[in-house]
Amino acid sequence: MGQKALGTIALKVELDDLYTDALLYVIDADTSYNALLGRPWLYASKAIASTLHQCLKYTDEHGNERMVLGDPNLFH
């Protein structure tokens, strides 16, 4: 069952040295995350997410491969 959005908010997202804009949908739900960035954001940011390794990889403006690690204590 889906969750009806209460509204939207446009924010600047900063992950390590990756800076992008994102349109986020606001919901009233108890979740284990603060924001969920989906495929449109990943595609626009030219990023690759790995659920197995809990990280996000992207190439910075200088062509260097960068990685943002997830929270190692997410479920503790």
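Bear in mind these aren't lab numbers, they're just calculated from the coordinates by the rules spelled out. Computed from a predicted structure; not experimentally measured. Every residue, glycine as well, gets a Cβ built from its backbone with ideal geometry; the counts of neighbours run over all protein chains shown.
The table below lists the values:
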item	result
Coil-residue chymotrypsin sites (Phe, Trp or Tyr not before Pro) of segment 21-76, DSSP, other Cβ within 10 Å capped at 13	Y33, F75
Neighbour-count ranking [beta-carbon atoms within 10 angstrom, fewest first] of T59, T20	T59, T20
Residue range of the chain that is longest and free of trypsin sites (Lys or Arg not before Pro) which are both DSSP loop and sparsely packed (at most 15 other C-beta within 10 Å)	5-45
Relative contact order (%) - the chain, alpha-carbon pairs under 8 angstrom, separation at least six	20
Helical mean residue ellipticity (222 nm; -39500 (n - 2.57) per DSSP H run of 4+; nearest 500) of the chain	-2500 deg cm²/dmol
Candidate lysines - alpha carbon under 22 Å from K57, same-chain residues fewer than 8 apart omitted	K12, K46
The chain shape via C-alpha gyration tensor axes, a/c threshold 1.5	oblate
V13-Y43 pseudo-label distance in nm [points 7 Å out on the Cα-to-Cβ vector]	1.4
Loop GluC sites (Glu not before Pro), segment 1-73, which have at most 15 other Cβ atoms in a 10 Å radius of their Cβ (DSSP)	E61
